[in-house]
Amino acid sequence: QVQLVESGGGLVLAGGSLRLSCATSDRISRFNYMAWYRQAPGKQRELVARLFSGSTTYYADSVKGRFTISRDNAKNTVYLQMNSLKPEDTAVYYCAGSELFTTYWGQGTQVTVSS
């Protein structure tokens, strides 16, 4: 069973930055893509960013230009660099690794942006 463990969340002032990390228990290359999702209180989980195995990326419009997804294959770790954070970015952020028929999820890390 593959495990994904997020870290790096916390409390930050609006305009600040955070870098989230997602460490996997197996090589990242086994996944078709890695992704970050978030879920704010009372809202549905939404896709934030996706990184395909061929390095193509996708970003939600709400984070485009502010967030960057990347990976370090040697460390089996995926990152989400978040800059110019806004209060509306407050949510639990989840890492996901997707294979053909299965998606693995981390436990989530809380990001709180204070105004």
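The values are calculated or read from the model by the stated rules, or taken from the named source; none is laboratory data. Predicted, not measured: the structure shown is a model, and the values here were computed from it. With ideal geometry, Cβ positions are generated from the backbone for all residues, glycine too; neighbour counts draw on all protein chains shown. We work out accessible area using only protein heavy atoms, side chains counted, and drop any ligands, DNA or RNA first. Shrake-Rupley method; radii C 1.70, N 1.55, O 1.52, S 1.80 Å.
One table, with the values for the structure above:
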read-out	value
Projected label distance in nm at Ala14 and Ala40, using a 7 Å step from Cα toward the beta-carbon	1.2
Accessible area of the chain divided out per residue, in Å², using a probe of 1.4 angstrom	53
Straight-distance crosslink candidates among aspartates and glutamates, where the alpha carbon sits under 18 Å from Lys86 and sequence neighbours closer than 8 are dropped	Glu46, Asp61
Listed residues Val5, Val92, Ser55: farthest to the positive end of the dipole of the chain (Cβ charges)	Ser55
Virtual spin-label span in nm between Lys75 and Ser29, 7 Å along Cα→Cβ	1.9
FRET efficiency for Thr112 and Thr68, using Cβ-Cβ distance with R0 set to 22 Å, rounded to 0.05	0.60
Whichever lysines have a C-alpha closer than 29 Å to that of Lys75, once near sequence neighbours (fewer than 8 apart) are set aside	Lys64
